[in-house]
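**Student:** I'd like to ask some things about the structure below.
The values are calculated or read from the model by the stated rules, or taken from the named source; none is laboratory data. No experiment lies behind these values; they were computed from the predicted model shown. Reconstructed Cβ throughout: ideal geometry from the backbone, glycine too, with neighbour counts over all protein chains shown. Protein only, heavy atoms only, side chains kept; ligands, DNA and RNA dropped before computing areas. Shrake-Rupley method; radii C 1.70, N 1.55, O 1.52, S 1.80 Å.
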Amino acid sequence: KAGVTQTPRYLIKTRGQQVTLSCSPISGHRSVSWYQQTPGQGLQFLFEYFSETQRNKGNFPGRFSGRQFSNSRSEMNVSTLELGDSALYLCASSVTGGARADTQYFGPGTRLTVL
Amino acid sequence: DAKTTQPTSMDCAEGRAANLPCNHSTISGNEYVYWYRQIHSQGPQYIIHGLKNNETNEMASLIITEDRKSSTLILPHATLRDTAVYYCIVRVGADRGSTLGRLYFGRGTQLTVWP
């Protein structure tokens with residue numbers, strides 16, 4: 001079974017631009033979560049989607065948004081990019097996301113650099 | 001939410017067992033302990049999880065103390081490829097409402113396996 005895929009793998013943008021990242025979950029998984037990883041803050045939760053609905057959100061500004069499609073694929077968007085948005089953005093999928101023992105599997109990440 | 005405490009770094013000789021400790025003294029009775037690892041700039045890789053009993057899979061063993069306040073991840077025969085940051089996570093589940101699906105990553109333990 002194919003793992004979680006994320007595109008693109010690397011991205012360079014300039015301040016003020018916007019960016020869209022894509023995540024395809026493992027087949028059969030309906031929950032997708034997004035995380036941001038920076039050297040200073042470590043891994044931080046952004047949001048989670050299940051059945052096209054956002055059901056959990058981390059402490060990030062409204063410039064960070066996401067959505068999920070009927071095939072469970074998800075996108076996240078960052079508008080008005082700032083230098084501090086440079087990070088590794090990780091997507092994780094799980095079957096339902098809610099159960100305590102529902103394991104999340106991570107993709108390879110998208111490395112975003114904001115200049 | 002339960003928090004975890006891990007040593008910042010550890011090292012281990014190749015071929016020897018690596019024992020990574022984790023304290024989670026505030027864990028609730030129905031919360032699972034998860035372990036992930038992250039090799040530099042890659043997505044976190046799921047290793048193992050458990051609730052009360054010791055668990056073993058092809059990658060590692062997980063030993064959870066009887067009071068569930070701490071656990072140890074054991075890599076029985078460490079190799080150079082096991083060099084990574086290891087994260088111990090207490091998984092808050094569906095019955096905790098708004099934290100549904102979220103993983104809280106600390107700083108983890110940097111394990112270095114030397115030849």
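**Student:** What do you reckon, how do A:Tyr89, B:Tyr104 stack up by accessible area (1.4 Å probe), largest on top?
**Tutor:** Solvent-accessible surface, decreasing: B:Tyr104, A:Tyr89.
**Student:** Tell me, what HN-Hα J-couplings in whole Hz come from the Karplus equation 6.51 cos²θ - 1.76 cosθ + 1.60 at θ = phi - 60° for each residue of the range A:29-37, using x for Gly and Pro?
**Tutor:** 7, 10, 10, 10, 10, 10, 9, 10, 10
**Student:** If you don't mind, there's one more thing I want to ask. Could you check the spin-label model distance between A:Leu115 and B:Arg107? Points 7 Å from the Cα along Cα→Cβ, value in nm.
**Tutor:** The two pseudo-label positions are separated by 3.3 nm.
**Student:** What are the aspartates and glutamates whose alpha-carbon lies under 19 Å from the alpha-carbon of A:Lys13, with same-chain residues fewer than 8 places away excluded?
**Tutor:** Output for A:Lys13: A:Glu75, A:Glu82, A:Asp85.
**Student:** With θ set to phi - 60° and the Karplus curve 6.51 cos²θ - 1.76 cosθ + 1.60, what are the ³J(HN,Hα) couplings of the range B:35-52 in order, to the nearest whole Hz, using x for Gly and Pro?
**Tutor:** 10, 10, 9, 9, 7, 2, 6, 9, x, x, 10, 5, 10, 6, 8, x, 10, 10
**Student:** Report, ordered by chain and residue number, the aspartates and glutamates lying within cross-link reach of A:Lys57, taken as a straight Cα distance under 13 Å and ignoring same-chain residues fewer than 8 apart.
**Tutor:** A:Glu48
**Student:** Can I ask one more? Would you rank A:Leu112, B:Leu80 by solvent-accessible area, highest first, keeping every protein chain in place and using a 1.4 Å probe?
**Tutor:** Final ranking, largest accessible area leading: B:Leu80, A:Leu112.
**Student:** For B:Lys69, go through the lysines and keep the ones whose alpha-carbon is under 27 Å away, minus same-chain ones fewer than eight residues off.
**Tutor:** Hits, sequence-local ones excluded: B:Lys3, B:Lys52.
**Student:** Round to the nearest 10 and report in Å² the accessible area of B:Trp114, as given by a 1.4 Å probe over the protein chains' heavy atoms.
**Tutor:** Accessible surface of B:Trp114 is approximately 120 Å².
**Student:** From the phi angles alone, apply the Karplus equation (6.51, -1.76, 1.60; θ = phi - 60°) to the range A:6-22 and give each ³J(HN,Hα) in whole Hz, x where the residue is Gly or Pro.
**Tutor:** Ordered by residue, 3J(HN,Hα) equals 10, 9, x, 7, 9, 8, 10, 10, 10, 3, x, 6, 10, 9, 10, 10, 10 Hz.
**Student:** Then there's this: Would you mind computing, in nm to one decimal, how far apart the modelled labels at A:Arg15 and A:Lys57 are, each placed 7 Å from Cα along Cα→Cβ?
**Tutor:** Here the modelled spin labels are 2.6 nm apart.
**Student:** Another question, if that's okay. Checking an interface number: how much accessible area is buried between B and A, summed over both chains, with a 1.4 Å probe, in Å² rounded to 100?
**Tutor:** Summed over both sides, the interface buries about 2000 Å².
**Student:** A follow-up question, please. Taking a probe of 1.4 angstrom, what is the accessible area of B:His49 in Å², to the nearest 10?
**Tutor:** Using a 1.4 Å probe on the heavy atoms, I get roughly 40 Å².
**Student:** Show B:Glu66, A:Glu75 ordered by accessible area, largest first, where the area counts protein heavy atoms only and the probe is 1.4 Å.
**Tutor:** B:Glu66, A:Glu75
**Student:** With no other cysteine's Cβ closer than 4.7 Å, which Cys residues of chain B count as lacking a disulfide-compatible partner?
**Tutor:** B:Cys12
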